[in-house]
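What follows draws every value from the coordinates through simple rules; no lab data is involved. Just so we're clear, the structure is a prediction, and the values are computed from it rather than from any experiment. Every residue, glycine as well, gets a Cβ built from its backbone with ideal geometry; the counts of neighbours run over all protein chains shown.
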């Protein structure tokens, strides 16, 4: 008898339970579309990664998401007023055309 698992996210390599997916959403809160990033990661793991990387997909994907989350956090920094700021904390204002 085959055991059927229900995954909250199921790619070809990346398969996450509801608990893991929710934990990743909380942990990587700066990534606006986690499922899209997971799909891209799953595609890379499926098509380009070697067998060793594929077998350790969970931990390598966590490390990858840490970097992606940090990038989004840096790109979307805001001050206490909610204004976007640059890397040194100066507000970024859009210029009118």
Nearest 10, in degrees from 0 to 90: the angle of helix 57-75 to the longest Cα principal axis of the chain is 10 degrees
Per DSSP helix of 4 or more residues, -39500 (n - 2.57); summed, then divided by the residues of the chain. What does that give at 222 nm, rounded to the nearest 500? -15500 deg cm²/dmol
Helix 18-27: inclination vs the chain longest Cα principal axis, degrees, rounded to 10, gives 20 degrees
Prolate/oblate/rounded label for the chain (Cα gyration tensor, a/c 1.5): prolate
Using Cα pairs closer than 8 Å and at least 6 residues apart in sequence, work out the relative contact order for the chain, in percent. 19 percent
Helix 34-47 versus the longest principal axis of the chain: what angle, 0 to 90°, nearest 10, using Cα atoms? 50 degrees
7 Å from Cα along Cα→Cβ at both residue 56 and residue 75: what's the point-to-point distance in nm? 2.8 nm
